[in-house]
Amino acid sequence: MAETLLDFSQVRAQFPILEQTENGHPLVYLDGGATSQKPLQVIEAIDTYYRKQNANVHRGVYGLSERATELYEGAREISRGFLNARSTKEIVFVRGTTEAINLVAHSWGRMNLQAGDEVIVTEMEHHSNIVPWQLLRDQLGIRLTVLRMNDLGEVCMNALKGLVSEKTKLLAVTHMSNALGTINPVKEMAEIAHSVGAKVLVDGAQATPHMQVDVQDLDCDFYALSGHKMYGPTGIGVLYAKEALLEVMPPYQGGGDMIYSVTFEKTEYNVLPYKFEAGTPNIAGAIGLGAAMQFMQSIGLDRIAAYEAELLAYATERLKEIEGVRIIGEAENKGGVISFVLEGVHPHDMATLMDQDGLAVRASHHCAMPVMQHFKVPATIRASLGVYNNREDIDRLVASILDAKEMLL
Ligand code: C6P
């Protein structure tokens, strides 16, 4: 049983929200891909911060502010360790993955890209890793090239080798697809991109909740994550970037904390990573994110991955037993996301009925419209798994699909 890989009842007990009912049924939350539920460790860290530790950071000389600064910088050190970055100078706190990618596009992109240069993205990117590059395309005249995927939802390394050239300046790729679950071989992809001198940005929004990430091993230049998808709060995320790149990149926003000195003639910028953190940061968010990372580490990242792999295999097997279900995204290497459609039923109708059974699943294009276009579907239903899900949840999912099928077909 998958549950034996971790102490499931102990883990599940950490999520108070899951004790409630929805429409008269115990809540089954299968939408961690949109945002995960939060364990007590995270809720309490934020609660304690506001009750006992709240003050602005890097500003006060009084004890409370110094302690708040220590906690905030402590969260940066936890993030560094979590990603195995070389230095905390490489950890920039941002609002989330979307802001991280926009920061790179605005700062690194405007400094390094010019008309005719190429950015490669894959066909399975989230809009957050497409639109910032389209904005640059329209403003700078760069080219946006798409690495296509096959019908399993996998990209091909030979196709990438054929695509890259001396014009390629950046490969922007998702580590794990939110719409398909595909885990991309980003280490191999980075090698290919680096062979022509291109930089590599990895969108880690979906990967970090599910697996161990080592940015030095991946050798990516930029890595983006969102706290709220990995058991942390909303409004906080991390942009990891190699120190040498951040050192020469211009600030993304101007204001407090990112300066060293200001006169009307000239501003000198602060050292890394503060150069990229203008204004009062999300202090409670960073502390909550640190607590979330420690929560995951206390279970063990490899154990989480193994547990979810078993659960995904079980879910896939059970869904395949239902006539009319088509799974969208059958890559060999997948994380805890399962997208599907039921022949003859619109995903939104289905998800609405499933809500009546107490199930929270997402029915949408998942902000990855090109994926929907590839598979010629308007939307999919997506069940995304977390450490608080088990086989019982999958059984409830299957029962609800069967109910909906009977009602709608
Ligand atoms: N995907 C989903 O339900 P933000 O909103 O900045 O925290 O994350 C954006 C983002 C970027 N990349 C990937 C791969 C993502 O999955 C997401 C967020 C959510 O799938 C909301 S659309």
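The values are calculated or read from the model by the stated rules, or taken from the named source; none is laboratory data. Given the structure is predicted, the values throughout are model-derived calculations rather than measurements. Cβ sites come from the backbone with ideal geometry, for glycine too, and all protein chains shown count toward neighbours.
Within the stretch 126-141, residues that are among the hydroxyl-bearing types (S, T, Y) sit with their Cβ atoms under 9 Å from residues that are modelled with pLDDT of 95 or more and not in a helix (DSSP H, G or I), at 6+ positions apart or across chains, in these pairs: S128/G96; S128/D203; S128/A205; S128/A224; S128/C367.
Residues that are in a helix (DSSP H, G or I), more than 26 Å from H127 (Cβ to Cβ), out of contact with any Cys (no Cβ under 7 Å at 6 or more places or on another chain) and of a type outside the set (V, I, T): does the stretch 342-352 have at least one? Even if it seems obvious, please write down each step before you answer.
Keep residues of the stretch 342-352 that are in a helix (DSSP H, G or I), which gives 347-352.
Now drop any that are not more than 26 Å from H127 (Cβ to Cβ), which leaves none.
No, the conditions are met nowhere in the stretch 342-352.
The number of residues in the stretch 49-95 being part of a loop (DSSP other than H, G, I, E, B) and either surrounded by fewer than 16 Cβ atoms within 10 Å (Cβ to Cβ) or in contact with a helix residue (DSSP H, G or I) (Cβ under 7 Å, 6 or more places away or on another chain) (or both) comes to 13.
Step by step: first the residues of the stretch 136-180, then only those that are of a type in the set (S, T, N, Q) and under 20 Å from the mean Cα position of the chain (by Cα), then the one that is farthest from the ligand (Cβ to nearest atom). Which residue is that? Among those residues, the one meeting the criterion is S177. Look at the stretch 235-264: where a residue is of a type in the set (S, T, N, Q) and a partner is surrounded by fewer than 13 Cβ atoms within 10 Å (Cβ to Cβ), sitting 6+ places away or on another chain with Cβ atoms under 8 Å, you get Q253/G279; S261/E268.
Residues that are within 30 Å of H126 (Cα to Cα) and surrounded by fewer than 17 Cβ atoms within 10 Å (Cβ to Cβ) within the stretch 1-15 are absent altogether.
The set of residues from the stretch 112-130 being β-branched (V, I, T) and either under 11 Å from L144 (Cβ atoms) or away from the ligand (no atom under 13 Å from the Cβ) (or both) comprises V119, I120, V121, I130.
When the residues of the stretch 385-407 are filtered to those that are closer than 21 Å to S364 by Cα and in contact with an Asp or Glu (Cβ under 6 Å, 6 or more places away or on another chain), the one that is surrounded by the most Cβ atoms within 10 Å (Cβ to Cβ) is L385.
Yes or no, residue by residue, for (1) aromatic (F, W, Y); (2) within 16 Å of the ligand (Cβ to nearest atom); (3) farther than 24 Å from A286 by Cα:
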| position | (1), (2), (3) |
| --- | --- |
| F8 | yes, no, yes |
| A13 | no, no, no |
| P16 | no, no, no |
| Q20 | no, no, yes |
| H25 | no, no, yes |
| L30 | no, yes, yes |
| T35 | no, yes, no |
| P39 | no, no, no |
| D47 | no, no, no |
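For A309, which of the numbered conditions (1) part of a helix (DSSP H, G or I); (2) over 29 Å from P370 (Cβ atoms) fails to hold? All conditions pass for A309, except number (2). Kindly indicate whether any position in the stretch 231-240 is in contact with a helix residue (DSSP H, G or I) (Cβ under 8 Å, 6 or more places away or on another chain) and at positive phi. Yes - at least one qualifying residue is present in the stretch 231-240.
A count restricted to the stretch 139-160 and to residues that are more than 27 Å from H106 (Cα to Cα) and either of a type outside the set (A, V, I, L, M, F, W, C) or in a helix (DSSP H, G or I) (or both) stands at 7.
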